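Report on the structure given below.
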Amino acid sequence: MRILISGASGFIGGAVSSHFEQKGDEVVRLSRGGSSARTIVWDPEKAFLDREELEGFDVVIHLAGEPILGRWTADKKRRIFASRVESTRLLSQTLAALAHPPRCFLSASAVGYYGNRGEEVLTEESLPGNGFLSHVCIEWEHASKSLEKRGIRTLHTRFGTVLGKGGALSKLLLPYKLCLGGPLGTGQQWMSWVALEDLVRAIDFSLRDSTLSGPVNVVSPQPVRQLEFAHTLASLLHRPSFFPQPAWLLQLLFGDMAREVLLSSARVQPKKLLQAGFQFQSPDLKCSLQKLIC
């Protein structure tokens, strides 16, 4: 396949790019840096993208986006929204106008689509939640409608917390190594997660399985409560998890981000992937963490 990837320099994008290159596929990156045989320049903020350079790709994988961790100031929220919604709209509309568009477009999304849902088991058929992150995900997925109208198979891969060497896990390890780790809030909120290796395989699987389209939950079929995650990580590091982070402190430090990400409960199931026959290699949290830190 000839594949175009945005966000290829990121934690997820780098792993996805390497995977397809190792399989012998031709990978070209969308980047704000210099142009080359394997790089196409674009600037979503200035709505700059050369349509002619996009001809001839079999699939496009769109993974670019401002990191959501950190305090959500007004400017941070603007960057989160624009880097996802406006970039997706620019890329989708440009691809839809091609004489020979790709046969498949896969765009990242997130389980933040569902919002804070307590004990409810969530599948791709579940309604969206409320809040800023849910709103971003709704608009993010809607931004590629021009491709769907053109008849191009479109996938919205809703990622959970991605566990790999780097990413969110790297930010969590330090306090645990210093014996300061513990559950967030009550720890009773459900955490939907996925091993990076399974996420990459799920993307490959989804691109090649023509029966899949629309939203696809990319999460382990074994979500855990945040308390279990904290205890599992601490035990593997041979550290205690005696220091719970109270909800009021997290909200004081991180505001809306704490409420919608750290303290939010999303018990998500990968219904479409399982029905299509996808097999997770790392569905168990303890085994996944062991591979990364032991």
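Quick note: the coordinates plus some simple rules give every number you see, no bench work behind them. Note that the structure is a prediction, hence the values are computed from the model and not measured. Cβ: placed from backbone, ideal geometry, glycine included. Neighbour counts: every protein chain shown.
Each residue in E120, E52 was given a count of other beta-carbon atoms within 10 angstrom of its own, and listing them fewest first yields E52, E120. Were the residues from I138 through T186 laid out at 0.36 nm apart, the gain over their Cα-Cα distance would be 14.4 nm. Residues whose amide H lies under 5 Å from that of R153, counting only those 5 or more places away or on a different chain, are F105; hydrogens are built 1.01 Å from N in the peptide plane. Neighbours of G131 by Cβ distance under 12 Å: Lys/Arg scored +1, Asp/Glu scored -1, total +1. The long axis of helix 226-236 is offset from the longest Cα principal axis of the chain by roughly 80 degrees.
Phi angles across the stretch 13-24 convert, under the Karplus curve 6.51 cos²θ - 1.76 cosθ + 1.60 with θ = phi - 60°, into 3J(HN,Hα) values of x, x, 5, 5, 4, 4, 4, 6, 5, 5, 7, x Hz, Gly and Pro given as x. In plain terms, the residue of S126, S264 with the fewest other Cβ atoms within 10 Å comes first and the most crowded comes last, giving S126, S264.
Summing charges over neighbours of A234, with a neighbour being any other residue whose Cβ is under 14 Å away from its Cβ, gives +2 when K and R count +1 and D and E count -1. Residues C104, C294, C287, C179 in ascending order of nearby Cβ atoms (within 10 Å, fewest first): C294, C287, C179, C104. Backbone amide hydrogens, once placed in the peptide plane, bring S109 within less than 5 Å of T157, R158, F159, excluding anything fewer than 5 places away on its chain. The HN-Hα couplings worked out from phi for the stretch 276-289 by the Karplus form 6.51 cos²θ - 1.76 cosθ + 1.60 (θ = phi - 60°) are 7, x, 5, 10, 6, 8, 9, x, 9, 4, 4, 5, 5, 5 Hz, whole numbers, x standing for Gly and Pro.
Rounded to whole numbers, the Karplus 3J(HN,Hα) couplings from phi for the stretch 141-153 are 6, 5, 5, 9, 4, 4, 6, 5, 5, 7, x, 8, 4 Hz, using 6.51 cos²θ - 1.76 cosθ + 1.60 with θ = phi - 60°, and x at Gly and Pro. Among the listed pairs K177/K286; K46/K77; K171/K271, those whose Cα-Cα separation exceeds 22 Å are K171/K271.
May I ask you to compute the full-extension gain from H238 to R103, defined as 0.36 nm times their residue separation minus their alpha-carbon distance, rounded to one decimal in nm? Gain on stretching H238 to R103: 43.7 nm.
Relative to the longest principal axis of the Cα atoms of the chain, the long axis of helix 196-208 makes an angle of roughly 30 degrees. In whole angstrom, the stretch 2-293 maps to an equivalent ellipsoid with semi-axes of 32, 20, 19, each derived as √(5λ) from the alpha carbon gyration tensor and ordered largest first. Determine the sum of side-chain charges near E197: Lys and Arg each +1, Asp and Glu each -1, restricted to other residues whose C-beta is under 12 angstrom from that of E197. Charge balance near E197 sits at +1. For the chain, a Gaussian network of Cα nodes joined below 10 Å ranks A230, A110, A74 by mean-square fluctuation, and the top entry is A74.
Close amide H contacts of R29 (hydrogens built in the peptide plane, cut-off under 5 Å, sequence separation of 5 or more or a different chain): I5, T39, I40.
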